[in-house]
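Colleague: Dropping a structure here in structure tokens format, bear with me for questions.
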Amino acid sequence: MTPFLIFGALLALLMTGIPVAFTLGILGAGLLAIDGLPLSMVASTLFGGINDFVLLAIPLFLLMSNLLLRGGIGRDLFVAMQSWVGHWPGGLGIAALLSCGVFSAISGSSITTAATVGTVAIPEMVKRGYSRSLTLGLMAAGGTLGIIIPPSVPLIIYGAITEQSIGQLFLAGVGPGILLIVLFGIYVVIASAIQGTHQAMPRATWPERLAATRRALPTLLLAGTILGGIYGGIFTPTEASGIGASVALLILAAGGRLSRAVFLGAVRDTVKTTTVIFLIVIGAKIFGQAITLYQLPAQLAWLFEDYFNTATLALLLIAVMLIFIGFFLESMSMLLIMVPVLMPTVIALGIDPIWFGIFFVLLIEVALITPPVGLNLFVIQSLDRAPLSVVAKGALPFVAIMLGSVFLIALFPQIVLAIPGL
């Protein structure tokens, strides 16, 4: 009964409105105290939880994305993509998706991706007659690409927890990221054709395309530099984050977009987000230490061995658990709470931990666009001031597509493992 009591206490504390970081820390410290262990263990965990070179990549990637967000890079990207595909059926939606994909390869953050591209794409799509529900759902779902296409902050944290190669995880995210863009794009074309209310964009001329691409070129090169450098073994993901932040500063300075207000605003936003993430990391480390001493992961592994003793059944149960938990917890909390609990079972069943990282992140992506705590839904709602129900309704088909992609990577693991295998 111990696992059920612990998770019952966790849900009860969360329902009181206590922030996730403090809920995890308080419950973990309480469990250690009940077991008669000195709370000095908590103090050492507070420092050790974030004393990890790998985690340095998080604030630097966030700084890079916040600089580009405040520097108006999203508009350049969207205009460039629009000039190439805007005249296609559902072209504006495809341009928005491609912009999300490229910005995801820079930011590593779903919220930043949704806000950056959504600010530009939503007014343009609505003006062109796309339904508000489709537009808002597309941008909420497009933002989720930020945590699967490298560099991804959740994949960095997953790698730090499980001691897996961050570079391998980043490369493993490329295939599923492209798969999602293709599936989302097919749906947008079909849905826009069925609705038939939008106006087709005029075909851009070659000089217009070249001019728009030239303005977006520095951003495209930045994405290519980060991925190419990691893939080629030129620098580590942590070093890539520092290079990316420096290049982002140079791009804004060269374009005359770097001002004191832009820089300080980006730093302030980075500090706020980093503080929240690191507090959750610390709380989760204390909680993880406690549940390990209470042998909760081992008990869960025994449960799986007794009743769900094949990888297929175990993954099915894990998927159902994560979808359910996603209704109540945001993605980062799910990652930090569930990965330490599930990893012993995953290893025991012979599941590839790199593949499982992508499987896990795809499922917590679903939590980003499902109410009542889907963060991307709230971000998009704040941009458009539409009722949350309209955003959620538009996102529902994309939830189904994402769950379908989870099934596809389970059926064809090489979608995830082919690129890292090179």
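The values are calculated or read from the model by the stated rules, or taken from the named source; none is laboratory data. Note that this is a predicted model, so its numbers are computed, not measured. Positions of Cβ are backbone-derived with ideal geometry, glycine not excepted, and every protein chain shown enters the neighbour counts. Accessible surface areas use protein heavy atoms only, side chains included; no ligands, DNA or RNA. Shrake-Rupley method; radii C 1.70, N 1.55, O 1.52, S 1.80 Å.
Colleague: Across the range 176-195, what is the number of residues that are surrounded by 20 or more Cβ atoms within 10 Å (Cβ to Cβ) and free of Cβ contacts under 8 Å to residues at least 24 places away in the same chain?
Modeller: Here the count works out to 0.
Rundown of residues vs (1) open to solvent by 20 Å² or more (accessible area, probe 1.4 Å); (2) acidic (Asp, Glu); (3) more than 22 Å from THR312 (Cβ to Cβ), yes/no style:
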site	(1), (2), (3)
ASP352	yes, yes, no
GLU365	no, yes, no
LEU368	no, no, yes
GLY374	no, no, yes
ALA386	no, no, yes
VAL391	no, no, yes
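Colleague: Across the range 24-74, what is the total count of residues that are open to solvent by less than 40 Å² (accessible area, probe 1.4 Å), among the hydroxyl-bearing types (Ser, Thr, Tyr) and at pLDDT below 80?
Modeller: Residues that pass the stated criteria total 1.
Colleague: Oh, and also: Any idea which of LEU217, LEU252, LEU227 is in a helix (DSSP H, G or I) and surrounded by fewer than 18 Cβ atoms within 10 Å (Cβ to Cβ)? If you could, list the steps in order and put the result at the bottom.
Modeller: Numbers: LEU252 fails: surrounded by fewer than 18 Cβ atoms within 10 Å (Cβ to Cβ); LEU227 fails: surrounded by fewer than 18 Cβ atoms within 10 Å (Cβ to Cβ).
Testing whether each residue is in a helix (DSSP H, G or I) and surrounded by fewer than 18 Cβ atoms within 10 Å (Cβ to Cβ) leaves just LEU217.
Colleague: Report every pair of residues separated by at least 6 positions or lying on different chains whose Cβ atoms are under 7 Å apart, first residue within the range 196-212 and without any contact (Cβ under 8 Å) to a residue 40 or more places away in the chain and farther than 11 Å from GLN82 by Cβ, second basic (Lys, Arg) and assigned to a helix (DSSP H, G or I).
Modeller: That search, which allows pairs on different chains as well, returns nothing.
Colleague: In this structure, does LEU11 turn out to be under 26 Å from the mean Cα position of the chain (by Cα) and open to solvent by 40 Å² or more (accessible area, probe 1.4 Å)?
Modeller: yes
Colleague: Here is a follow-up. Looking at the range 209-218, can you tell me whether even one residue there is of a type in the set (Val, Ile, Thr), over 22 Å from the mean Cα position of the chain (by Cα) and closer than 27 Å to GLY72 by Cβ? Spell out how you get there, then give the answer.
Modeller: The first filter runs over the range 209-218 and keeps only residues of a type in the set (Val, Ile, Thr), leaving 213.
Among the residues that remain, those that are also over 22 Å from the mean Cα position of the chain (by Cα) are: 213.
Of the ones still in play, those that are also closer than 27 Å to GLY72 by Cβ are 213.
Yes: the range 209-218 contains one or more residues that are of a type in the set (Val, Ile, Thr), over 22 Å from the mean Cα position of the chain (by Cα) and closer than 27 Å to GLY72 by Cβ.
Colleague: So, one more: Taking the conditions exactly as written (aliphatic (A, V, I, L, M) and either assigned to a helix (DSSP H, G or I) or surrounded by fewer than 24 Cβ atoms within 10 Å (Cβ to Cβ) (or both)), does ILE149 satisfy them or not?
Modeller: For ILE149, the condition - aliphatic (A, V, I, L, M) and either assigned to a helix (DSSP H, G or I) or surrounded by fewer than 24 Cβ atoms within 10 Å (Cβ to Cβ) (or both) - is not met.
Colleague: Would you mind telling me which numbered condition in (1) hydrophobic (A, V, I, L, M, F, W, C); (2) surrounded by 19 or more Cβ atoms within 10 Å (Cβ to Cβ); (3) in contact (Cβ under 8 Å) with a residue 40 or more places away in the chain; (4) in a helix (DSSP H, G or I) ILE401 fails?
Modeller: Result: ILE401 fails condition (2) only.
Colleague: If you don't mind, another one. Can you tell which of VAL247, VAL281, VAL271 is open to solvent by 20 Å² or more (accessible area, probe 1.4 Å) and under 30 Å from VAL20 (Cα atoms)? Steps first, answer last, please.
Modeller: Numbers: VAL247 fails: under 30 Å from VAL20 (Cα atoms); VAL281 fails: open to solvent by 20 Å² or more (accessible area, probe 1.4 Å).
Answer to the check: VAL271.
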